[in-house]
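The values are calculated or read from the model by the stated rules, or taken from the named source; none is laboratory data. What you see is a predicted model, and the numbers here were worked out from it, not measured in a lab. Cβ: placed from backbone, ideal geometry, glycine included. Neighbour counts: every protein chain shown.
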Amino acid sequence: MSSSETGTPGFQITVQPSGRSFTSKPGEGILAAAIRQGIGMPYGCKDGACGSCKCKKLTGVVVHGPHQSKALSDEEEAAGFVLTCCSVAQSDVVLESRQVTQEGAFPIKKMPTRVSLMEKKSVDVMLIKLQLPANDSFTYHAGQYVEFILRDGARRSYSMANAPHTLATGGGLELHIRHMPGGKFTDHVFTAMKEKEILRVEGPYGSFFLREDSQKPIILLASGTGFAPIKALIEHMQFKGITRSITLYWGGRRPSDLYMDEWVKAKSAEMPHLRYVPVVSDALAEDAWSGRTGYVHQAVLEDFPDLSKHQVYACGAPIVVDSARAAYITQAGLPEDEFYADSFTTEADKARESAKG
């Protein structure tokens, strides 16, 4: 029976195999309805660009809004796959999604924050800390992100780079922001932002966080500032005393892109089960780089030709995340549902895709 027949406008969305269900309002996106009701479905960008929310539609009718073909191709749509972030139910719908979290998602909050620290970590990476309102609580999973709400209503997403337990010391939220020249937000961060500035944020968002019900060894894969949520995961695992085998691969074009290299080395000295493999793709002679070279996702395959018993957590540029997903599943036997990702799709990426479409 549809929710409209029971007197509630909208449709019932059921997620298998968990059997959890929720109601979407008329015209409301499926993912937005899930978030509103605390149902933790997988997603990343919320914008039809990354494909993290893609799942199989078992029954029902949905209509898709604008999205990128790399997130959902025409063939996938014809085969019954949907992007929950930009699909609207036209009937009751049953979806198949194995990654629905058992506990309710943390409440989404909109709040003012104050910039308490700005620290340049490299030529184009700024670490900022945001002081949260003293009379409010904010809870999130290590690996999740917040959205800045700009004055014109535009939004920009950044992952928390510190684990939730660190908020107890009053340090606030740590974010790592890469300068995208011409970027509405990052130009401001690198040229005009001052400490004590007030910024509005909303969150937490995202389904990128550690699955603690597993004992599988972990591969952490980061490119550039994709290291931010990975840093939060490492802090969280150390705090919780999680001793699963962890190997972190962090890639950049130049050694300077590994902007917290010393922090990782210090952590790996404290955590004997954490191994660190920095990888540089375009080292110059002046860099005097003697470490691994090439593409970071390929370095994982060189060391782990069999990933069938691993979990992978990948963050950073879409090209790295997408290449890793395809290679690890098809070449190294990684189970498809053990690849967890947060693809950092920029506004420029979205504009390029729109132009192609």
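Out of the residues in the stretch 47-57 that are modelled with pLDDT of 85 or more and in contact with a Ser or Thr (Cβ under 9 Å, 6 or more places away or on another chain), which is farthest from Ser159 (Cα to Cα)? Explain how you work it out, then say what you get.
Taking the stretch 47-57 as the starting set, the residues that turn out to be modelled with pLDDT of 85 or more are 48, 53-57.
Subset that is in contact with a Ser or Thr (Cβ under 9 Å, 6 or more places away or on another chain): 53-57.
On the way: Cys53: 17, Lys54: 21, Cys55: 24, Lys56: 27, Lys57: 29 Å.
Of everything passing the filter in the stretch 47-57, Lys57 is farthest from Ser159 (Cα to Cα).
Quick check, is Arg275 part of a strand (DSSP E or B), in contact (Cβ under 8 Å) with a residue 24 or more places away in the chain, under 19 Å from Gln311 (Cβ atoms) and not small (Gly, Ala, Ser)? Explain how you work it out, then say what you get.
On the way: part of a strand (DSSP E or B): yes; in contact (Cβ under 8 Å) with a residue 24 or more places away in the chain: yes; under 19 Å from Gln311 (Cβ atoms): yes; not small (Gly, Ala, Ser): yes.
Yes.
Would you check which residues across the stretch 157-207 are part of a strand (DSSP E or B) and either farther than 16 Å from Asp124 by Cβ or assigned by TED's automatic domain parsing to the domain that holds Lys46 (or both) and list them? Working first, answer last.
Taking the stretch 157-207 as the starting set, the residues that turn out to be part of a strand (DSSP E or B) are 157-159, 173-178, 198-205.
Result: Ser157, Ser159, Leu173, Glu174, Ile198, Leu199, Arg200, Val201, Glu202, Gly203, Pro204, Tyr205.
Looking for whichever is over 30 Å from Lys110 (Cβ atoms) and free of Cβ contacts under 8 Å to residues at least 12 places away in the same chain here; the options are Ala299, Ala283, Ala269, Ala192. Which one fits? Break it down stepwise before answering.
Values: Ala299 fails: free of Cβ contacts under 8 Å to residues at least 12 places away in the same chain; Ala283 fails: free of Cβ contacts under 8 Å to residues at least 12 places away in the same chain; Ala192 fails: over 30 Å from Lys110 (Cβ atoms).
Matching residue, one of Ala299, Ala283, Ala269, Ala192: Ala269.
Out of the residues in the stretch 302-344 that are of a type in the set (Gly, Ala, Ser) and either closer than 20 Å to Ser69 by Cβ or in contact with a Cys (Cβ under 9 Å, 6 or more places away or on another chain) (or both), state the one that is surrounded by the fewest Cβ atoms within 10 Å (Cβ to Cβ).
Filtering first and then ranking leaves Ala326.
Take the residues in the stretch 208-231 that are touching a Ser or Thr at 6+ places or on another chain (Cβ under 6 Å) and outside any strand (DSSP E or B), then tell me which one is nearest to Pro42 (Cα to Cα). Give the derivation first.
Filtering the stretch 208-231 down to residues touching a Ser or Thr at 6+ places or on another chain (Cβ under 6 Å) leaves 217, 219, 228-229.
Okay, now just the ones that are also outside any strand (DSSP E or B), so 217, 228-229.
Numbers: Pro217: 21, Ala228: 19, Pro229: 16 Å.
If we take residues in the stretch 208-231 being touching a Ser or Thr at 6+ places or on another chain (Cβ under 6 Å) and outside any strand (DSSP E or B), then Pro229 is nearest to Pro42 (Cα to Cα).
If only one of Ala266, Ala299 is in the same structural domain as Gln238 (by TED's automatic domain parsing), of a type in the set (Gly, Ala, Ser) and exposed (fewer than 12 other Cβ atoms within 10 Å of the Cβ), which one is it?
Numbers: Ala299 fails: exposed (fewer than 12 other Cβ atoms within 10 Å of the Cβ).
Only one candidate passes the filter, namely Ala266.
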